[in-house]
Amino acid sequence: MPQHSNLGFVLAATLLVLVSPASCAAPPQPRRDPVVVPVTKDPATSLYTIPVRLYDNLVLDLAGPLVWSTCANDHLPASFTCQDPTCKLANAYRAPSCPASGGDDCSGKKVCKVYPYNPVAAQCAAGSLVHTRFIANTTDGKNPLSQVSVKAVAACAQKNLLTSLPSDATGVAGLAGSGLALPAQVASSQNVANKFLLCLPRLGYSQGVAIFGGGPFYLLEGLPEFTSTLEHTPLLRKKDNPSYYITVKAIALDDAQLPLPRRALATGGVVLYTRVPYTLLRPDVYFPFVRAFEKGMNRSDAKVAAVAPFGLCYRSSALWNTRIGYFSPSVTLMLEGGKNYTMTGTNTLVNVNSGDTACLAFVEMKGVKAGDARSPAAIIGGFQMENYVLQFDLEKQQLGFTRLPYYASCSQFNFTKLH
C-alpha cells in the first residue's frame, strides 16, 4: 500500500518531475482491485447502510459530501487548521440548515470546524475531523478477495445527530461528487478509479452491493458481466451542490410521452437521492403523471383509498402479477443521448398494508410550488433504483445503468467466498 502524509489521502499531491531529453518519466502505478461492501436495506426507514467497521454501519447518501459518524475512541484527531485545504474541502458544501461558512472565525491557527448533516432529519451539528480506517474487501467482481484497510478523513458528531436514521447506524457515508465523500477517498487511498457501482437490494431480500473503483461485476453464472452492458447518460453538476443530476427530456408511459408544461423537467432538473425512499415529483409533474398512470391502469374496479404518502392505490389481490411486477404501464425516463431508463411494476407499484394494497410509488413533493426552479422537477428515490446496476463514473462524469433480468437480483452477489 502506498505511503501517505499526515494529511491522509484526501488531497492528491502534484509531483513536478524535471527530466532531461534523454530521460523518461516513471510509469504510473497500476490500479488495484476495486473495493466491495455489502448494502443492507433497513425495513423501518427504507434507507441503505454499509458496514465500515465492527458495529459501525453508515447510511448511504448519494447527495452527501462528507463521511461522518459518532466516532469510536480509536479515531485519531486530525490537526487541520481552518485554513487548511482539507478543512476547506470539508466545508465546501454545507446544507441550508448549517451555519454559513462566512460566519466562522478563521483567524490565526484555529482548529477546523465542520458541520456533519443528517439528511433525513434535516439536522446539522458542529463537529471535528478525525483520521480513521474503514474495513472492506477487494474484489474481482465475482467474489471478495482479501481484506483491506481504507484510510479516510471523517467528521465526528454527537449521537443526537442520529435521529431518524436506522437503529444500527452510527453515521452517514456521503457518496456525492466532492473531495471528502467516500468514493474520492477510496480512489485516492487504494489507487482505484474514481467511480462507484451500486446494486441496491429489495426489502425482504439479503444484501445488495457497492463497489468502489469500477468493474467488473457479476451475479449469477451464465449472466453477462454487467458493466459491459451499461447504457450511459451525462452526469450534471450544479454550482454549490455536489449531487448527481441527469437530463430527462421527457417521461413516457407505455411509450406515450406524458403531456407536461413546457420545460417542466428542465426547470430545476432531475436528481438521484438514496435519502428518500420513493421518487418525489414536483406538483406540475406529479398530477399529470398520476392522471396518466391511472388512465393507463384502467382498473377503477380495483382502486381503493390512498395510503399516505401515496396518492393512488389499488387492491393488490385484484391486480395481475407478472414476472416483472404488477401488470401496469411502464414508466420511462427519456434521457440525454437517446437512452431510456425504463421501470416496470417492480419499481412503480409498492405493497403496503401487509401486502393488501399496492400503491403508485411516486410521491408529490411537498412545500414547493409548480414550476419552482429552486426545486428539482423530480428526485429519483431508492425504490426506483433497486435491482438496477448503477455506475457513477466521476472521471468521465457519466451515469451507467442497466436493469437486471427478472430472474436476477442484487442479492445474488457471492459475499461468502473469500480467497
Between Lys303 and Ala250, the FRET efficiency computed from the C-beta separation at R0 = 25 Å comes out, to the nearest 0.05, as 0.40
Taking Cα pairs closer than 8 Å and at least 6 residues apart, the relative contact order of the stretch 138-244 in percent is 22
Note to self: C-alpha centroids of the stretch 352-417 and the stretch 180-232 sit apart, in Å, by 15
Expected vector for the stretch 149-161, Karplus 3J(HN,Hα) from phi with 6.51, -1.76, 1.60 and θ = phi - 60°, integer Hz, x for Gly and Pro, equals 10, 9, 5, 8, 10, 10, 9, 9, 9, 6, 5, 5, 7
Placing each pseudo-label 7 Å from Cα in the direction of the beta carbon, Thr81 and Ser354 end up separated by a distance in nanometres of 6.4
Total charge of the residues flanking Gly213 in space, meaning their Cβ is under 10 Å from its Cβ, with Lys and Arg +1 and Asp and Glu -1, is +2
Carbon plus sulfur, as percent of the 1.4 Å-probe accessible area of the chain, comes to 53
So the angle from the long Cα axis of helix 283-297 to the longest Cα principal axis of the chain, reported in degrees to the nearest 10, equals 50
Rounded to one decimal in nm, the spacing of the 7 Å Cα→Cβ label points at Arg374 and Lys109 is 4.3
Rounded to the nearest 10 Å², the accessible area of Asp254 using a 1.4 Å probe with every protein chain kept is 90
Under the Karplus relation with 6.51, -1.76 and 1.60 and θ = phi - 60°, whole-Hz ³J(HN,Hα) for the stretch 208-217, x at Gly and Pro, equal x, 9, 10, 10, 9, x, x, x, x, 8
As straight-line cross-link partners of Lys366, the qualifying lysines (C-alpha separation under 27 Å, not fewer than 8 residues apart within one chain) are Lys41, Lys238, Lys239, Lys249, Lys295, Lys303
Over the stretch 138-263, with neighbouring protein chains present, the accessible area per residue in Å² at probe 1.4 Å is 41
Given chymotrypsin sites (Phe, Trp or Tyr not before Pro), DSSP loops and at most 15 other Cβ atoms within 10 Å, the longest exposed-site-free stretch of the chain is 56-204
SASA check, Thr279, accessible area w/ 1.4 Å probe, all protein chains in place, rounded to nearest 10 Å², comes out at 0
With DSSP loop assignment and no more than 12 other C-beta atoms within 10 Å, the trypsin sites (Lys or Arg not before Pro) in the stretch 289-343 are Arg323
Neighbours of Met385 by Cβ distance under 13 Å: Lys/Arg at +1, Asp/Glu at -1, summed charge +3
For the stretch 48-56, Karplus-derived ³J(HN,Hα) couplings (6.51, -1.76, 1.60; θ = phi - 60°; whole Hz; x for glycine and proline) come out as 10, 10, 10, x, 10, 8, 4, 6, 10
Output for the stretch 214-298: GluC sites (Glu not before Pro) sitting in coil per DSSP, at most 16 other Cβ within 10 Å, listed by number, reads Glu221, Glu225
Per residue, accessible area of the stretch 304-419 with a 1.4 Å probe, heavy atoms of protein chains only, in Å², comes to 44
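The values are calculated or read from the model by the stated rules, or taken from the named source; none is laboratory data. Predicted model, so just to flag it, every value in this text is computed and none were measured. Virtual Cβ from ideal backbone geometry, glycine too; neighbours counted across all protein chains shown. Each accessible area value is taken on the protein alone, full model and side chains, heavy atoms only, with ligands, DNA and RNA left out. Shrake-Rupley method; radii C 1.70, N 1.55, O 1.52, S 1.80 Å.
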